[in-house]
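One structure below.
The values are calculated or read from the model by the stated rules, or taken from the named source; none is laboratory data. Bear in mind the structure is a predicted one, so any value in this text is a computation, not a measurement. Positions of Cβ are generated from backbone atoms using ideal geometry, with glycine treated the same way; all protein chains shown enter the neighbour counts. Calculation scope for accessible area: heavy atoms of the full protein, side chains included, ligands and nucleic acids excluded. Shrake-Rupley method; radii C 1.70, N 1.55, O 1.52, S 1.80 Å.
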Amino acid sequence: MNNEQAIQRFREHFDRFERTLNGESATPLHGLRREAIGTVERLGFPTLKQEDWRFTNIGPLFATDFVPAALVHAALPQRSALQHFFEGLHDAITMVFLDGIYAPALSTMESLPDGLTVRSLAEMTRPDPALPGGMHADISEGTQAFPALNAAFLVDGAYIHLRRSVASERIVHILFLSSATEAPLLVQPRVHIAVEEGASLRVVEQYGSLAGAAHFTNAAVSVEIGPNAGLEHVVVQRENTQAFHIGMTHARVSRDARYSNRYFGFGAAITRNNITAVFEGQHGETVLEGLYLPTETQHMDHFTVIDHAQPHCESHELYKGILDDTTRAVFSGRIIVRQDAQKTNAKQSNNNLLLSDDAKVNTKPQLEIYADDVKCTHGATVGRLSDDALFYLRSRGIDAGQARSILAHAFAAELVDRVSIESLHDSLNALINARLDRSTIS
């Protein structure tokens, strides 16, 4: 199926979706949906001819007729069957979504701190079908097909808002699960996080599958960080290896604000992780970090843009990959320093460890600098385990397989240790260990 046929199919699904709305089709919210499906039709889906998608062929995604989850209702699983998704997060405020729809029976929403709002978008837009403040612009701004597709079928999502000067000790955990049991579903999570001036919050966003069948997750996340506020945002993608995952996160960072995005990728046949962050005030700081461990034939693509639109801001970016079998990874990191963004300090690095002769990585760190008084560095490495390090470990009686495993774990551990939520370290390390134990380290 080509690009035009895929768009036509989503238009047909949209027309069907529209007929289920029972009077809501005349609301402002649905006006935005119509605008969004029009954007999809106007832009089309990206192809290999576009520079930003040159190494990621999304053609296999359109070989399956994914039905929007808004048209299907799956049975709720037992919460006891989901315990592995809660490891390290049992004390968190947890919102669980099944196929993109909020599931109160699986969630833990008691005892929210004063000033913290965590709600389902569907609850907030019923009976008044208007979006909360701050979300309108993110949804109506249609410059890319996948976020527009997300907006076209918007029915639910997570809305998180922290009031001015509140430092929340409670972690907010958003768990998106795909049933992946019957018809191949298109699941489109939507998240909006707003942290007001002087407040601080930690959010864990997690994606998983309940079965092994194919599904397509198309996520859109918008983040607003007020002056002198802070947000640590941890993303864990652990869907099954038949799934497709495309995610878009856009963060706006105000004066003296701090934003950290820490990504851990394990799942999906094809993953495309898009992150953009823009400084909207001086003295802001952004940290983008990621660890990806594809195996078998998985393809993982990370595309980041940090826009230094204001002076005196800092950005630190580190992505690491461990590739095995016939996997492929792509990293494209772009740092833009605008003409007025003097005194910018930006560092970017992408390091990759190949465990197989057939694994392949394409990496493209980029600096685009229009100011003259800045400190900016970037770099990338692709290599194998050090022979000297292996010899050192083997000389102390450690067999070859164990020595390789120790070195690979050490390579990954740096990014786990940087997550401030210490209770999450064990579960992240368990996922890494499970992935490396399946690898050819032997």
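Below are the figures for this structure:
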| quantity | calculated |
| --- | --- |
| Cα pair distances of the stretch 1-121 binned at 5 Å [whole percent] | 2, 8, 13, 14, 14, 13, 14, 14, 7, 1, 0 |
| Accessible surface of the stretch 1-123 [probe 1.4 Å, protein heavy atoms]: carbon and sulfur percent | 48 |
| Nearby lysines by direct alpha-carbon distance to K49 (threshold 30 angstrom, same-chain neighbours under 8 apart not counted) | K320, K347, K360, K364 |
| Sum of -39500 (n - 2.57) over DSSP H runs of 4+, divided by residues of the chain (222 nm, nearest 500) | -6000 deg cm²/dmol |
| Accessible surface of the stretch 258-356, 1.4 Å probe, proportion on carbon and sulfur as whole % | 42 |
| Residue-wise HN-Hα coupling along the stretch 263-277, computed from phi with Karplus coefficients 6.51, -1.76, 1.60 (Hz; x: Gly, Pro) | 10, 10, x, 10, x, 6, 6, 10, 10, 10, 10, 9, 10, 10, 9 |
| Nearest-10 value in Å² for the accessible area of E182, using the 1.4 Å probe | 150 |
| Value of relative contact order over the chain, rounded to a whole percent, pairs C-alpha under 8 Å and six or more apart | 10 |
| Neighbourhood net charge (10 Å Cβ-Cβ; Lys/Arg +1, Asp/Glu -1) for A403 | +2 |
| DSSP beta bridge pairing in the chain, given as percent antiparallel to the nearest 5 | 5 |
| Whole-number Å³ per residue for the convex hull built on Cα positions in the stretch 207-281 | 67 |
| Packing-based ranking, highest mean first, of 296-307, 374-385 given that Cβ atoms within 10 Å are counted | 296-307, 374-385 |
| Percentage, to the nearest whole number, of Cα pairs in the stretch 212-335 over 26 Å apart | 24 |
| Gaussian network model of the chain, springs between alpha carbon atoms under 10 Å - residue of S423, S209, S178 with greatest fluctuation | S423 |
| GNM top mover of R258, R163, R328 - the chain, alpha-carbon springs below 10 Å | R163 |
| E182 paired with L71, simple spin-label distance in nm, labels 7 Å along Cα-to-beta-carbon | 1.3 |
| Centre separation in Å (Cα based) which lies between the stretch 287-337 and the stretch 211-255 | 14 |
| A167 long-range amide H proximity, modeled H, under 5 Å | S200 |
| Max mean-square fluctuation residue, GNM over the chain, Cα-Cα springs under 10 Å, options G397, G38, G281 | G397 |
| Space enclosed by the convex hull of the alpha-carbon atoms of the chain, per residue, Å³ | 144 |
| Percent RCO, i.e. relative contact order, over the stretch 333-387, from Cα pairs under 8 Å lying at least 6 residues apart | 50 |
| Probe 1.4 Å - accessible area at K343, Å² to nearest ten | 110 |
| Calculated SAXS-style log₁₀ I(q)/I(0) at q = 0.29 Å⁻¹ - the stretch 194-238, Debye, Cα scatterers | -1.07 |
| Cβ-defined net charge surrounding I336, 10 Å radius [Lys, Arg +1; Asp, Glu -1] | 0 |
| Per residue value of the accessible surface for the chain (all protein chains in place, 1.4 Å probe), Å² | 40 |
| Normalised contact order of the stretch 242-393, rounded percent, pairs of Cα under 8 Å and 6 or more residues apart | 19 |
